[in-house]
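Read the structure below first, then the notes.
The values are calculated or read from the model by the stated rules, or taken from the named source; none is laboratory data. Quick caveat: nothing in here was measured; it's all calculated off a predicted structure. Methodologically, a virtual Cβ is constructed for each residue, glycine included, from the backbone with ideal geometry; neighbour enumeration extends over all protein chains shown. When the accessible area is computed, the model is the full protein with side chains, heavy atoms only, and any ligands, DNA or RNA have been set aside. Shrake-Rupley method; radii C 1.70, N 1.55, O 1.52, S 1.80 Å.
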Amino acid sequence: MEFECPQNSTEISQNLIPNPGIGIDIVEPNQLSPKPIYTEGIEIPDIVPNTNAESGKGENLKRASKFSSKKGIKDLGSLNQSSLPGDVAFDGRRSITDLPPALISEILNCLDPKDLGIVSCVNTILLELSTEHHAWKEFYSERWGLPAAPVAPDTVDKPWKEIFVEREFRSKTFMGRYSMDVLHGHTEAVRTVFLLASAKLIFTSGYDSVVKMWDMENGLSISSSRPLGCTIRAVAADRRLLVAGGTDGFIHCWRAVEGLSHLFELKGPQNQNNEVRLWGHEGPITSLALDLTRIYSGSWDTSVRVWDRLSMKCTTVLRHSDWVWGFVPHDTTVASASGSDVYIWDTISGTLLTIVHNAHVGNTYALARSHTGDFLFTGGEDGTIHMYEIVNGGIETEAWQVAAWAPHSGPVYSLAFEFPWLVSASSDGKLALIDVRKLLRTSKRALGKRVSKAKHLSGGIVEPPQRMLHGFKSNLFSVDIGADRIICGGEEGVVRIWNFSEALEIERRARALRGMRLENRMRRRKVQTELSSKGGRSDQCSVAAKSSSVSCIWPNKRGMSGKLKA
């Protein structure tokens, strides 16, 4: 989404005199358009003519404007040059830019990104106010979360609008050209992959019980842990902690080493200062997650445990009725998949908020969630993907189904979401990319009312996914998305990376060429307009002929043949 405003798109008339009584912009009579003008939500008071001595006329002109909240102003169209005396002068104007900046900010706060970008093209004042508006930071945070990495030096002075537009532009690359890298190193099937985009690191593990760390940019192996003694089915990390869960029921943790470029030291014997192992589950660990203060773990022992990161002790246990296949935390809630049902918990009190019964035919294997926590995605044994909206009404929490897809012929084992793309991995050896933007409503605010943020479609299955990626044989167990890349691991024992950064560069060059073409087109039109205003095309031709001092006579075919014969 791009908002480009021409530098001279708005010109302010010098003939306007301020008058606090008028609620719209009114110019001189000879500048009034005969076409009707419609506006909404603006009150037009009576118009009083100028009674200066120079005019010599003392009559008062009062024109009452009829106002309708739906149809706008009806009688303003009759306000043209022919209906006004020549000496009538308006006392000025009062527009939205005359309001206090704090009030304008509140008005702009009710707009969505598209409308806020359009407002910035009205004039220079609104351009400055809307560009520096704090809503752009909120838009960015709602879609992608605040950047976890330190801000790059070249982006320190960038406004949040520019950062938002660049990130929105990058989201288009997943429909473009890509290159594929294959990472070899595991000796058995890869069960889990995790992308730490802020550090440009990839973590993988599987049946060989070894956790490997890779460089995201060049695909080279950085480090490998010693064998942990069992299958590793889950890995999660941030810039301070790396955790891996095994089928023996433990959680192995590595703390980040200060000053180390790749954060974690996996090689060598166990270091008590940097490594710790947590016990508590009575079955295999199937999923892990981290936030700033807690560690989350799910297991086939039918429980989800919440651990304190500081004390490394379990603080909450959430019991289910069946094996826990996966979960996704957000703020103080956790959505978990147990059997064929989906549970939503409050992690502070440990209470169950709501249950989605029989979300899939068979087990629900995979879950993903938006950064705001409003949307939940599920993938199941039946090969379908469902989208739910989590609505908190204050008293009770509900999950409304928004849409469903059936892109796979086998069970969906893993889901990953980065706005606006949902990517799924299945046992059929395919990845599906789904764009969810068309399912979301455009309004940013509901003026105090809690309304649905999604368009709930009837009929169940909607259109196919926007893109399918192939390349694996079968049984894709894990997938992750971020930083123009999709990472996937499966039964083959290799890790594949789909790199879309090439598509980003191609799109940037295409956008630059479009800008150059537009600039050249506008320059040609300006030249043509100047030439046409000087006297027409015939004069242009004569001028062009006189300016050319060299005359060229082309010989005809007969003349050339005669010379050749001679």
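List of remarks:
- Single condition GLY373 does not satisfy, out of (1) under 22 Å from ALA236 (Cβ atoms); (2) assigned to a strand (DSSP E or B): (2)
- Restricting attention to segment 376-396 and to residues that are over 21 Å from the mean Cα position of the chain (by Cα) and of a type in the set (D, E, K, R), the residue that is surrounded by the fewest Cβ atoms within 10 Å (Cβ to Cβ) turns out to be GLU396.
- Scanning segment 327-343 for residues that are open to solvent by 20 Å² or more (accessible area, probe 1.4 Å) and of a type in the set (S, T, N, Q) yields THR332, THR333, SER340.
- Looking only at segment 258-276, and only at residues there that are under 16 Å from ARG309 (Cα atoms) and surrounded by 14 or more Cβ atoms within 10 Å (Cβ to Cβ), the one that is modelled with the lowest pLDDT: ASN274
- One residue stands out in segment 231-256 among those that are within 33 Å of the chain's Cα centre (by Cα) and in a loop (DSSP other than H, G, I, E, B): the one that is nearest to SER303 (Cα to Cα), namely ASP238.
- Residue check, THR315 over 25 Å from GLU381 (Cα atoms) and of a type in the set (Ser, Thr, Tyr): yes
- A single entry from ALA359, ALA366, ALA399 fulfils the requirement of being open to solvent by less than 20 Å² (accessible area, probe 1.4 Å), in contact with a strand residue (DSSP E or B) (Cβ under 9 Å, 6 or more places away or on another chain) and assigned to a strand (DSSP E or B): ALA366.
- Subset of segment 280-294 (residues that are of a type outside the set (D, E, K, R) and either under 16 Å from ARG233 (Cα atoms) or under 27 Å from the mean Cα position of the chain (by Cα) (or both)): HIS281, GLY283, PRO284, ILE285, THR286, SER287, LEU288, ALA289, LEU290, LEU292, THR293
- Segment 198-224, subset small (Gly, Ala, Ser) and surrounded by fewer than 23 Cβ atoms within 10 Å (Cβ to Cβ), residue nearest to LEU415 (Cα to Cα): SER198
- Filtering segment 459-498 to residues that are polar (S, T, N, Q) and either farther than 30 Å from GLU166 by Cα or modelled with pLDDT under 85 (or both) leaves SER474, ASN475.
- Residue satisfying all of: in segment 164-197; hydroxyl-bearing (Ser, Thr, Tyr) and modelled with pLDDT of 90 or more; least open to solvent (accessible area, probe 1.4 Å) among these: THR192
- Among the residues making up segment 411-423, a single one is open to solvent by 10 Å² or more (accessible area, probe 1.4 Å) and without any contact (Cβ under 8 Å) to a residue 60 or more places away in the chain: PRO411.
- Criterion applied to GLU519, GLU530, GLU502 was being under 30 Å from LEU183 (Cα atoms) and open to solvent by 20 Å² or more (accessible area, probe 1.4 Å), and the one residue passing it is GLU502.
- Here SER209 passes the criteria (1) at pLDDT below 95; (2) farther than 18 Å from GLY482 by Cβ; (3) polar (S, T, N, Q) except the one numbered (1).
- Flag for ILE104 being part of a helix (DSSP H, G or I), at pLDDT 75 or above and open to solvent by 70 Å² or more (accessible area, probe 1.4 Å): no
- Of residues in segment 298-317 being more than 13 Å from THR347 (Cβ to Cβ) and hydrophobic (A, V, I, L, M, F, W, C), the one surrounded by the most Cβ atoms within 10 Å (Cβ to Cβ): TRP300
- Of the residues making up segment 284-335, just one is in a strand (DSSP E or B) and touching a His at 6+ places or on another chain (Cβ under 6 Å), namely SER299.
- Restricted to segment 116-145, and to residues there that are open to solvent by 50 Å² or more (accessible area, probe 1.4 Å) and free of Cβ contacts under 8 Å to residues at least 60 places away in the same chain, the residue that is farthest from ARG369 (Cα to Cα) is ILE125.
- Of the residues examined, TRP254 is not one that is touching a residue at least 60 places away in the same chain (Cβ under 8 Å), among the aromatic types (Phe, Trp, Tyr) and open to solvent by less than 50 Å² (accessible area, probe 1.4 Å).
- Screening segment 344-354 for residues that are more than 16 Å from TYR388 (Cα to Cα) and assigned to a strand (DSSP E or B) and picking the one that is most open to solvent (accessible area, probe 1.4 Å) gives LEU352.
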